[in-house]
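Report on the following structure.
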Amino acid sequence: MSSETILNNRYRLVSQLASGGMAVVYKAIDQSLGRTVAIKILRPSLTVDPIFVARFQNEARSIANLAHPNIVTVHDVGSQGPTHYIVMELVDGSDLKNMIRARGALPLDKTLRFGIEICAGLGFAHRAGIVHADVKPQNVLLTKNEIVKITDFGIAQAWSDTQPQQRESVVWGSPHYFAPEQAQGEKPTAAADVYSIGIVLFEMLTGRLPYVGTNQQELALAHIRNPVPLASDVNPNVPKELAEIVRKVMDKEPNNRYRTADQLGQVLIAFKERYESGGTSKKVTGSSGNFSPDMTTPSQKLTSPQPPPQSTMPSGSVSPISNNQPSQPNYSQPPQPTGLPTQRVNIVPEAPRPPSQSASNKGVPIDPRVGNVYVGGAQWQNAQQVQNIPAPQPNVGTVRPPAPRPMTAQPRGREYEADMPKVWDTVTVVLAFLAFMSVVCLVPLYLIVITARLG
């Protein structure tokens with residue numbers, strides 16, 4: 001298309017900016033308003049279907065009502081003969097995909113800022129009942145000030161609604177970001193957009209895609225079947241808590257994700273505030289933005305407990321479990337213990353074991369969260385796997401406080417008897433004496449009755 005082409009005697013096409021599976025984007029001049037715009041012209045293979053054209057125009061009009069700083073503004077939609085186009089604001093910058101290709105994994109603060117702005121734009125659309133259906137870094141434009149502008153609303157949604165049997169020929173242009181339900185042919189929803197945001201977050205954090213394949217079918221099966229990778233396993237500088245958030249967003253089941261982009265945005269904002277205030281562990285290396293991972297998860301915000309000393313259990317450590325009520329552990333300000341080499345941690349919860357089953361581990365504190373025992377080096381291991389651990393020698397000169405009581409091998413009945421006050425023994429003696437006197441008084445009466453009957 002030459003630079004002299006003018007659409008509807010108003011939009012003069014200047015140069016081609018980009019090309020995709022469904023449209024070609026041109027830089028143009030709006031001669032009526034004297035402003036530079038971007039015009040997306042649909043490919044002729046799509047415009048032969050009048051149902052799709054009508055659906056696309058309706059989607060474009062709906063998107064034109066979305067006035068949000070993180071959404072590319074739609075100025076106009078129209079046609080000239082077989083040419084159908086949509087006029088949008090021109091974003092003078094690049095897109096997120098080019099940034100990732102050039103830099104690899106992005107700094108954490110930039111990833112969070114981009115992710116929050118993506119969620120803000122898509123969340124605004126979700127509240128209006130509009131699903132993007134094709135979220136990917138190529139559709140996340142960045143201004144010169146690195147402000148996110150989401151584009152390409154409506155085309156993928158219109159095509160999937162009107163041509164479900166042919167969707168693979170067009171929408172499969174971005175199979176790396178497809179939700180599993182989209183790969184199975186289901187209609188895209190807000191939860192599908194959230195899944196795609198998770199893929200984009202993973203790519204920003206690691207510089208690579210979570211799933212790869214030689215063709216579209218392999219990628220579809222990977223989204224459906226492959227385990228969800230953890231971003232911190234690919235890039236150790238990713239905080240564990242953020243990696244868990246991204247993994248939840250990429251869950252295979254839509255009901256297990258956040259329902260809308262707004263919900264995900266609030267989670268990212270909360271994490272960003274905790275991170276910046278020091279609520280999560282971080283270590284900045286110079287100004288490169290590389291951070292050490294935070295080994296905490298959203299479901300378990302516990303730090304490693306303090307190991308036992310050779311005498312009595314100090315405050316701040318985990319008390320042993322008895323058959324009575326277990327004492328609550330105090331995890332505040334744990335020291336950095338040194339001891340045995342790092343052991344594998346068993347994170348599967350187990351039921352507390354009775355004292356008879358853990359007699360070989362007597363004196364070793366048990367983690368009340370998972371039923372494990374402390375093995376040194378701030379590590380806890382399954383009680384059945386720890387053998388021949390010597391018990392700490394008690395300090396004979398130390399007077400134990402009455403509470404909390406240490407774990408003993410006694411059954412509950414003996415321990416209860418040891419706690420019985422002396423008044424119970426006196427009452428028993430008095431009752432026995434009264435019973436004895438009653439019997440003594442009844443014996444003469446019994447003899448008198450027998451004598452009277454015999455006489």
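The values are calculated or read from the model by the stated rules, or taken from the named source; none is laboratory data. Only a predicted model underlies this, so the values are computations on that prediction, with no experimental measurement involved. When we count neighbours, we look across all protein chains shown, and the Cβ atoms used for this are built from the backbone with ideal geometry, even at glycine.
Do we have A23 as within 17 Å of I150 (Cα to Cα) and in contact with a Ser or Thr (Cβ under 9 Å, 6 or more places away or on another chain) here? Walk me through how you get there before you give the answer.
Numbers: within 17 Å of I150 (Cα to Cα): yes; in contact with a Ser or Thr (Cβ under 9 Å, 6 or more places away or on another chain): no.
Criteria not met by A23.
Looking at S232, is it surrounded by fewer than 23 Cβ atoms within 10 Å (Cβ to Cβ) and hydroxyl-bearing (S, T, Y)?
Numbers: surrounded by fewer than 23 Cβ atoms within 10 Å (Cβ to Cβ): yes; hydroxyl-bearing (S, T, Y): yes.
For S232, the condition - surrounded by fewer than 23 Cβ atoms within 10 Å (Cβ to Cβ) and hydroxyl-bearing (S, T, Y) - is met.
Filtered by the rule that a residue be closer than 18 Å to D76 by Cα, touching a strand residue (DSSP E or B) at 6+ places or on another chain (Cβ under 6 Å) and without any contact (Cβ under 8 Å) to a residue 40 or more places away in the chain, segment 1-30 gives T5, I6, R12, L13, V14, V24, V25, Y26, I29.
Taking each residue of segment 108-121 that is part of a helix (DSSP H, G or I) and looking for partners that are acidic (D, E) with beta-carbon atoms closer than 9 Å, six or more apart or interchain, yields D109/E276; K110/E146; R113/E146; F114/E146; C119/D262; A120/D262.
The set of residues in segment 1-42 being within 42 Å of the chain's Cα centre (by Cα), crowded, with 16+ Cβ neighbours inside 10 Å and of a type in the set (A, V, I, L, M) consists of M22, A23, V24, V25, V37, A38, I39, I41, L42.
The C-beta contact set for segment 244-258 (first residue in contact (Cβ under 8 Å) with a residue 60 or more places away in the chain, second residue assigned to a loop (DSSP other than H, G, I, E, B), distance under 6 angstrom, 6+ apart or interchain) comprises R257/D251.
Determine, yes or no, whether A128 is out of contact with any Phe, Trp or Tyr (no Cβ under 7 Å at 6 or more places or on another chain) and surrounded by fewer than 23 Cβ atoms within 10 Å (Cβ to Cβ).
Values: out of contact with any Phe, Trp or Tyr (no Cβ under 7 Å at 6 or more places or on another chain): yes; surrounded by fewer than 23 Cβ atoms within 10 Å (Cβ to Cβ): yes.
Here the answer is yes, as A128 does meet what is asked.
Within segment 147-201, the set of residues being of a type in the set (G, A, S), in contact with a helix residue (DSSP H, G or I) (Cβ under 8 Å, 6 or more places away or on another chain) and modelled with pLDDT under 85 comprises G154, A156, A158, S160, S174, G185.
F52 passes every criterion in (1) buried (at least 17 other Cβ atoms within 10 Å of the Cβ); (2) out of contact with any Leu (no Cβ under 8 Å at 6 or more places or on another chain); (3) over 28 Å from G115 (Cα atoms) apart from (2).
Can you tell me how many residues within segment 212-232 are in a helix (DSSP H, G or I) and either closer than 13 Å to I199 by Cβ or under 20 Å from the mean Cα position of the chain (by Cα) (or both)? Can you show your working first?
If we filter segment 212-232 for residues that are in a helix (DSSP H, G or I), which is where we start, we get 216-225, 231-232.
With the extra rule that they be either closer than 13 Å to I199 by Cβ or under 20 Å from the mean Cα position of the chain (by Cα) (or both), the set shrinks to 219, 222-225, 231-232.
Adding up the residues that qualify gives 7.
Taken together, A102, A54, A67 contain a single residue that is within 32 Å of the chain's Cα centre (by Cα) and not in a loop (DSSP other than H, G, I, E, B), which is A102.
What residue, among those in segment 235-244 that are in a loop (DSSP other than H, G, I, E, B) and out of contact with any Asp or Glu (no Cβ under 6 Å at 6 or more places or on another chain), is surrounded by the most Cβ atoms within 10 Å (Cβ to Cβ)? Spell out how you get there, then give the answer.
To start, the set of residues in segment 235-244 that are in a loop (DSSP other than H, G, I, E, B) comprises 235-239.
From what is left, the residues that are out of contact with any Asp or Glu (no Cβ under 6 Å at 6 or more places or on another chain) are 235-238.
Numbers: N235: 20, P236: 12, N237: 20, V238: 24.
Going through the qualifying residues, I end up with V238.
In this entry, V249 passes the filter for residues that are among the hydrophobic types (A, V, I, L, M, F, W, C) and modelled with pLDDT of 95 or more.
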